[in-house]
Amino acid sequence: VYTRAASASNQAYAEIKSWILIGGIPIGARLREERIAERLTMSRTPVREAMLRLYGEGFLERQSDGGFRIAHLTLASLRDLYQVRRALETFAVRQTAAECSPVAREALLGLRDEWLALLPDVPDTDPEFVLPDEDFHRRLAMASGNTLLADELRNIGERIRPVLPDPRRWVHAHRQDR
């Protein structure tokens, strides 16, 4: 059963997550339920549900007073995320190669060709490059035919993304913690 309340909670979740992913909320910033509910023109209940969901996914941290703030990624946790992504992608490529179907092979060759085409004009690290990079990683996993693997890689990419558009956000947030 899909209720209006579930729909509002999903809408709040999508909006808040979008703000986090594009860097619209500073790392470490406290989220105020009332302000977000006002901004989204909804009650606090769906906002609270969305925040609990984002907390469960690692995007938010719980504060001692019960509130939430945008999660800090430590250097160690960022390293861990990249190591897990590398391991999952290695597995995805091996699965795709083991399958050796023409469709899987074409998917990998197509990805390779797209990225080789970038070599003459390698883009600078900028926010615009984050989404094509995430799309590459997603399509790499999808070539394996394992949707769970692709979902996990998407989740990892989203956890990394708030730092990528402007690495200074990460440095600034962690300097404030000292």
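The values are calculated or read from the model by the stated rules, or taken from the named source; none is laboratory data. Please read all numbers here as calculations on a predicted model, not as lab measurements. Here the Cβ positions follow ideal geometry from the backbone for every residue, glycine too, while neighbour counts run over all protein chains shown.
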Problem - Within the stretch 140-170, tally of residues that are surrounded by 16 or more Cβ atoms within 10 Å (Cβ to Cβ) and either farther than 20 Å from residue 73 by Cα or at pLDDT below 80 (or both) - result: 16
Exercise for the section: Might you let me know whether the stretch 44-59 holds any residue that is within 15 Å of the chain's Cα centre (by Cα), aliphatic (A, V, I, L, M) and under 24 Å from residue 137 (Cα atoms)? Expected result: yes
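Go over the candidates 28, 56 one by one and state the one that is among the small types (Gly, Ala, Ser) and closer than 21 Å to residue 11 by Cα.
Details: 28 fails: closer than 21 Å to residue 11 by Cα.
The conditions single out 56.
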Completion exercise
residue 129 passes all but one of the listed conditions (1) at pLDDT below 80; (2) farther than 14 Å from residue 160 by Cβ; (3) of a type in the set (Phe, Trp, Tyr); the exception is number (2)
